[in-house]
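So the structure is just underneath, and the comments pick up after that.
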Amino acid sequence: MKLATIERGENHAHVAVVFGDNELLDLMALRGVADEAKAVPAEMRDLLGGGADALAAVQNCIDRVAAMSDGERDGLRQSNILQAWDAVSFLPPVPNPTILLSVGMNYHAHLKEMQNSPALPYPPAFLMTHPALNGHGKPIIAPPQCPDMIDYEGELCFVFGKSCHNVSEADAMDYVAGYTIANDVSARDWVGPVFAAEKPFDAISAWDRNLLGKQLPTFCPCGPVITTKDEIADPHNLQMTTRLNGEIMQSSKTDDLIFNLPQIISYFSKYYRFSPGDIVTTGSPPGVGAGRKPPVFMKPGDVVEVEIEGIGALSNPIAAA
């Protein structure tokens, strides 16, 4: 199934599930109509942490609505319990993860386009700030302090469903609840100084500022849904495509990952204690704007879309501050 968090009125986040081909079933609003919905946790972190029992409760809601008459379902639409996809206001699928970890430099072909950078012995990553989180359809705000080199990075993400600390590669995937999409938007102003640095501490300083260029508010759109693990046979064999104003910029399979998901989970769980709902991005394939000749950067008025097989498409406009 495909799970989402949607806005319901002002400052209200409701868990929802995709129903049919193009509708969202608001599971919290459904509580007033169907007792089955009362067994569904109210927040996505709790839903994912509830495991099989919570997902079974969601399936019971789907089955209940599917068994309704056409007239009953029309009543749900009139009360916005069932909403058309294009009418929904999406929040990040997990609006409040305790950890949002972004793995980088994790596709062989991406390293080649970035001046043939070498693969590292361990997966590099950084923690993303919560204000960077953004929802499907929401604008990415071009920051006035660094507006000219805004880049896209489409990425596959996995989402934890269990508390996870110091686990083996063999057991790692048992802790995954599902998969979503992120766009690791980056202000590239400090990439040049990273490669130009001749002294170690100059490189460290430039790299630190490069990571700060990924932390800006709205710079990590995520979603629109979490596809549960049972629907993705192999996360290492998915087609990922990024489009800028309809033009394909990135097109790759996830089989080009340097570190696979079990390796990422096992390595970082030695240090972090992950919780249900925590999100890890897994790196971006080739085709990023900074790696092109000439470079291609996003600007207000553009629309960027990241699509991953089996999950969906994450789309965001670029807007001026």
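Every number here is computed from the coordinates shown, using simple stated rules; none is lab data. Treat the numbers as computed from the prediction; the structure is a model and nothing was measured. Here the Cβ positions follow ideal geometry from the backbone for every residue, glycine too, while neighbour counts run over all protein chains shown.
Note on the range 100-320: with charges restricted to the Cβ of Lys and Arg (+1) and Asp and Glu (-1), its dipole about the Cα centre is near 440 debye.
The alpha-carbon atoms of the chain, seen along their principal axes, cover 68, 45, 30 angstrom, with the largest extent given first.
Please compare each pair in 214/299; 199/270; 138/229; 2/229; 253/299; 38/229 to a cut-off of 19 Å on the Cα-Cα distance and tell me which ones are over it. Each step should come with its number before you reach the end.
Values: 214/299 16 Å; 199/270 31 Å; 138/229 26 Å; 2/229 10 Å; 253/299 27 Å; 38/229 24 Å.
With Cα atoms farther than 19 Å apart: 199/270; 138/229; 253/299; 38/229.
Summing charges over neighbours of residue 265, with a neighbour being any other residue whose Cβ is under 12 Å away from its Cβ, gives -2 when K and R count +1 and D and E count -1. In percent, rounded to a whole number, the relative contact order of the chain is 24, using alpha-carbon pairs under 8 Å and six or more apart.
Kirkwood analysis of the Cα pair distances in the range 2-87 returns a hydrodynamic radius of 12.8 Å.
The calculated FRET efficiency for residue 251 paired with residue 116, based on their beta-carbon distance and R0 = 25 Å, is about 0.75.
Farthest towards the positive end of the charge dipole of the chain, among the residues 85, 58, 9, is the Cα of 9, using unit charges on the Cβ of Lys, Arg, Asp and Glu. With K and R counted +1 and D and E -1, the other residues having a Cβ less than 13 Å from that of residue 280 yield a net charge of -3.
Using the rule -39500 (n - 2.57) for each DSSP H run of four or more residues, divided by the residues of the chain, the 222 nm mean residue ellipticity is -6000 deg cm²/dmol. Using Cα-Cα distances under 8 Å and only pairs 6 or more residues apart, what relative contact order does the range 27-70 have, in percent? Computed value for the range 27-70: 36 percent relative contact order. When the Cα positions of 249, 225, 235 are compared along the charge dipole of the range 207-261, 249 comes out farthest toward the positive end, with charges on each C-beta of Lys, Arg, Asp and Glu.
Taking the three principal axes of the alpha carbon atoms in the range 3-154, the coordinate ranges are 60, 36, 26 Å, sorted in descending order.
Put simply, when 307-317, 146-156, 201-211 are sorted by average Cβ atoms within 10 angstrom per residue, most first, you get 146-156, 307-317, 201-211.
The relative contact order of the range 180-321, computed from alpha carbon pairs under 8 Å that lie at least 6 residues apart in sequence, is 27 percent.
If you average the alpha carbon positions of the range 1-37 and of the range 121-196, how far apart do those two centres end up, in angstrom? Measuring centre to centre over Cα atoms gives 26 Å. The coefficient of translational diffusion for the range 45-90, derived via Stokes-Einstein from the alpha carbon Kirkwood radius under 10 °C and 1.306 mPa s, stands at 131 µm²/s.
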